[in-house]
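The block underneath contains the structure these notes are about, expressed in structure tokens.
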Amino acid sequence: MKSAATTTTAAEPRSLLADLAELVKARLSMLVLATTLVGYLLGQGSAAISWIALTATLVGTALSAGGAAALNQWWERDTDALMRRTRTRPLPAGRMHPGDALLFGVFFSGFGVACLALVNSLSASLAAATIVIYVLVYTPLKRISAINTLVGAIPGALPPLIGWIAATGDASLPGWVLFAILWFWQMPHFLAIAWMYRDEYAGAGFIFLTGRDPDGRATARQMILYSLCLVVVSVGPAFIGLNSMFYFFGALLLGAAFCGLALHFGRHRTREAARSLFFASIIYLPLLLALLVATRRA
């Protein structure tokens, strides 16, 4: 009996940590960290890195993203319970009290913005804007208009700009090019997810383009359009002096492969084709980010 009790007690902290990680979408936060780091490194150039500023930037951005995710799940706990892919989250599954989730969300958001304020006020302001747009605009808009995907891509694209501003102190053109790359990348990425789970989203009352597009033609046009735009903006860093021409050819090759899978979805418009594009988007972005860092100009 003693051994069993000890095992149960030891397991409880792991369960709580797992639920907290799911609440703040820890895996998504890793992507946020990666894009913020790339923005910071590109903005830093050949100058010596301030490890204190970099740490404050990464911690602040990660906490802000985690806080926004927690507030989003607190808001959508009832609709999450209606969908198979989200019903096991801590709140709809009843493993976490809504008040605790709200507290976590507010604390992480506030502390994250405060950390970025130690670096500069502009990066802190952008982090605050990210939280506001994601929680107070995008979240309720999902039940009102299909334009929510366009709006939701804004907070997802701000982390590299935040990193750039943290390093440079200003929102100059290269930072906005990084923002554009992330914004256009998210569109086919989100559309692939929305197509795979369109029935669940519709059943929960969420309004997406895919829910009003039974044959997938409109969704395919959007995927192809945004993928082509992604290719154009992704080669931008080579033309504004941020990266070498080696980056140009690498980004062009990656973009061509990505567009090929968008065209594949356009021909077949199946769940499997959408899944292929989704996984391709997950592979594409880290490769492009690595290429951005590896080919940056001094």
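Below, the figures for the structure above:
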| quantity | calculated |
| --- | --- |
| Distance in nm between pseudo-label sites at Leu28 and Leu252 (7 Å out along the Cβ direction from Cα) | 3.5 nm |
| Three-way shape call for the stretch 176-222 based on the alpha-carbon gyration tensor, with the a/c threshold at 1.5 | prolate |
| Dimensions (Å) - the chain, Cα atoms, principal axes, largest first | 65, 52, 39 |
| For His97, His189, order by how many other beta-carbon atoms lie within 10 Å, fewest first | His97, His189 |
| Proximal charge balance of Leu277 [Cβ under 13 Å; K/R count +1, D/E count -1] | +3 |
| Helical segments meeting 27 Å axial Cα length and Kyte-Doolittle 1.0 threshold in the chain (DSSP H) | 98-117, 148-168, 173-196, 245-268, 271-294 |
| Spatial separation of Cα centroids for the stretch 142-216 and the stretch 16-69, in angstrom | 19 Å |
| Approximate shape of the stretch 173-298 as ellipsoid semi-axes (Cα gyration tensor, √5λ), whole Å, largest first | 30, 14, 11 |
| Residue order, fewest to most beta carbons within 10 Å, for Trp183, Trp176, Trp195 | Trp176, Trp183, Trp195 |
| Shape box of the stretch 15-171 [Cα atoms, principal axes, largest first, Å] | 50, 36, 22 |
| Order of Asp100, Asp213 under a 10 Å beta carbon neighbour criterion, fewest first | Asp100, Asp213 |
| CD proxy at 222 nm, helix term only [per DSSP H run n ≥ 4: -39500 (n - 2.57); per residue of the chain; nearest 500] | -25000 deg cm²/dmol |
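Taken together, the values in this text are just the output of simple stated rules run on the coordinates, not laboratory data. Bear in mind that the values here come from a model prediction, so they are computed numbers and not experimental data. No Cβ is skipped: glycine too gets one built from the backbone with ideal geometry, and neighbour counts run over all protein chains shown.
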